[in-house]
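First up is the structure itself, then whatever we jot down about it.
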Amino acid sequence: MKRAAVLALGLLLAVTAYAALRGTGDLGVVVERASGQLLVVEHSNDTRLAQIDGLGDLSHASVVFSRDQRFVYVFGRDGGLTKVDILEGRIVKRIIQSGNSIGGAISQDGRLVAVSNYEPGGVRIFAAETLELVADIPAEYAPGKLSKTVGLVDAPGNRFVFSLYEGNQIWLVDMNDVKRPVIQRFEAVGKAPYDALITPDGRYYIAGLFGEDGLALLDLWHPEQGVRKILKGYGAHDEKLPVYKMPHLEGWAVAGDHAFLPAVGRHKVLVVKTGSWQQVGEIAVHGQPVFVMARPDGRQVWVNFAFPDNDRVQVIDVESRAIVKTLAPGKAVLHMEFTPRGEKVWVSVRDDNRIEVYDTERLEKLKTLPAASPSGIFFTDRAHRTGL
């Protein structure tokens, strides 16, 4: 009888422990920028799971997920790098690694986390497990002159790529030997690269240029070919407008063999043929686009806008290139995030302190969740590297 009771107790404990386990496939985080907090959420039932304090200045925070998607690395504007366990809802470790950081990336093998810094200008690379410094790469573009680094992404082959805003350069860093980083510098790529993206296949790195119409493209299959300009003078015949918020290039929509991208300072979305990188069309929209994001199946593109038009979201049908819906979620729509299969999209509405969840097929609101000045929304299976 005693042995039977022990076995029964053991079975009960095992069942209880199993019931407490969960995967990470439907988890994500929401940045609460005003309070320096992080919400852990799940999108199967659209609920909040935990709220984590103590992450510092999140006014332009971005995140990346660990290889197993259990941990999220948060890059704060105060130079903070924070490793968060989203299953346990707690901070694992937090360091202040610079004066002002703007984003980061995680290596292909998941062992390295790189941080892009404004102050001091450069990139610092840390061990993902311990947050110990592995490499410090100052962005020195002239003797004694450091540049802000922007557009940091991870590339195949355990490489990182980033741009130098003041330096007008793109750097490619090979981290296969962590003790001896190999750096390729591409100079005079264009005036003031302000953000960048890497295409979903990891081949092309494309930097937007604030100082001129056009973009800078680096083919990572053939870096020996150098950087070339694409879409030169795309806005030459348009009226120049004040730029209230720079568009985020990592919010580009790549749908089929076309890319849909925000035109800087213009009320339009550009349509570009991938491969040739030639403009083949444009779509007039409600305001200056910030994020232009494709639904995972590529059938729709969702667009949000800079102030003063940032209370709207427009939905573009990719096949017809027509706007099929204009939504009004609320004041200051900062970010959108699709669930992995694209049946829903979460929209952060900062000034109304809420998140709106929409059905992407019926284009109807499903749910509202409270959040304190929400900005970036990041789901594990999508693992965006965009920041707000």
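Which of the residues belonging to the stretch 221-241 are modelled with pLDDT of 65 or more and at negative phi? Step through it out loud before you land on a result.
Of the residues in the stretch 221-241, the ones modelled with pLDDT of 65 or more are 221-234.
Correct list: Trp221, His222, Pro223, Glu224, Gln225, Val227, Arg228, Lys229, Ile230, Lys232, Tyr234.
Scanning the stretch 315-326 for residues that are part of a loop (DSSP other than H, G, I, E, B) and buried (at least 17 other Cβ atoms within 10 Å of the Cβ) yields a single hit, Val318. The set of residues in the stretch 140-152 that are in a strand (DSSP E or B), farther than 21 Å from Val63 by Cα and either of a type outside the set (Lys, Arg) or touching a helix residue (DSSP H, G or I) at 6+ places or on another chain (Cβ under 6 Å) (or both) comprises Glu140, Tyr141, Ala142, Leu146.
Among the residues of the stretch 153-197, count how many are β-branched (Val, Ile, Thr), surrounded by 18 or more Cβ atoms within 10 Å (Cβ to Cβ) and part of a strand (DSSP E or B). Walk me through how you get there before you give the answer.
Taking the stretch 153-197 and keeping what is β-branched (Val, Ile, Thr), we get 153, 161, 170, 173, 178, 182-183, 189.
If we keep only those that are surrounded by 18 or more Cβ atoms within 10 Å (Cβ to Cβ) too, we end up with 153, 161, 170, 173, 189.
If we keep only those that are part of a strand (DSSP E or B) too, we end up with 153, 161, 170, 173.
Looking only at that region, the number is 4.
The residues on offer are His258, His248, and the sole one that is modelled with pLDDT under 85 and not aliphatic (A, V, I, L, M) is His248. Taking Gly157, is it modelled with pLDDT of 95 or more and farther than 17 Å from Asp109 by Cβ? In short, no. Of the listed requirements (1) assigned to a strand (DSSP E or B); (2) farther than 12 Å from Ile377 by Cβ; (3) within 18 Å of the chain's Cα centre (by Cα); (4) aliphatic (A, V, I, L, M), Leu49 misses just one: (3).
Pairs only if they're at least six apart or on different chains, beta carbon under 7 angstrom, first in the stretch 217-234 and charged (D, E, K, R), second outside any loop (DSSP other than H, G, I, E, B); list them, first residue then second. From the stretch 217-234, the pairs are Asp219/Tyr204; Asp219/Gln225; Arg228/Leu217; Lys229/Ala216. Taking every residue in the stretch 335-346 that is more than 12 Å from Trp302 (Cα to Cα) and pairing it with any residue that is at pLDDT below 95 and part of a loop (DSSP other than H, G, I, E, B), at least 6 positions away or on another chain, the pairs with Cβ-Cβ distances below 7 Å are Pro340/Pro296; Pro340/Asp381; Pro340/Arg382; Arg341/Pro296. The lone criterion from (1) surrounded by 17 or more Cβ atoms within 10 Å (Cβ to Cβ); (2) farther than 20 Å from Phe260 by Cβ; (3) at pLDDT below 95 left unmet by Pro308 is number (1).
For (1) buried (at least 22 other Cβ atoms within 10 Å of the Cβ); (2) over 20 Å from Gly214 (Cα atoms); (3) touching a residue at least 12 places away in the same chain (Cβ under 8 Å), each residue gets a yes or a no:
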{"position": "Gly281", "(1), (2), (3)": "no, no, yes"}
{"position": "Arg299", "(1), (2), (3)": "no, yes, yes"}
{"position": "Val313", "(1), (2), (3)": "yes, yes, yes"}
{"position": "Ala328", "(1), (2), (3)": "no, yes, yes"}
{"position": "Val357", "(1), (2), (3)": "no, yes, yes"}
{"position": "Thr368", "(1), (2), (3)": "no, yes, yes"}
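Screening Gly103 on (1) touching a residue at least 60 places away in the same chain (Cβ under 8 Å); (2) part of a loop (DSSP other than H, G, I, E, B) shows it passes everything except condition (2). Out of curiosity, is Gln314 touching a Leu at 6+ places or on another chain (Cβ under 9 Å), modelled with pLDDT of 95 or more and not basic (Lys, Arg)? The answer is yes for Gln314.
The values are calculated or read from the model by the stated rules, or taken from the named source; none is laboratory data. Everything numeric here is computed off the predicted structure, so don't read it as measured data. Because the Cβ atoms are built from the backbone with ideal geometry, glycine has one as well, and the counts that use them run over all protein chains shown.
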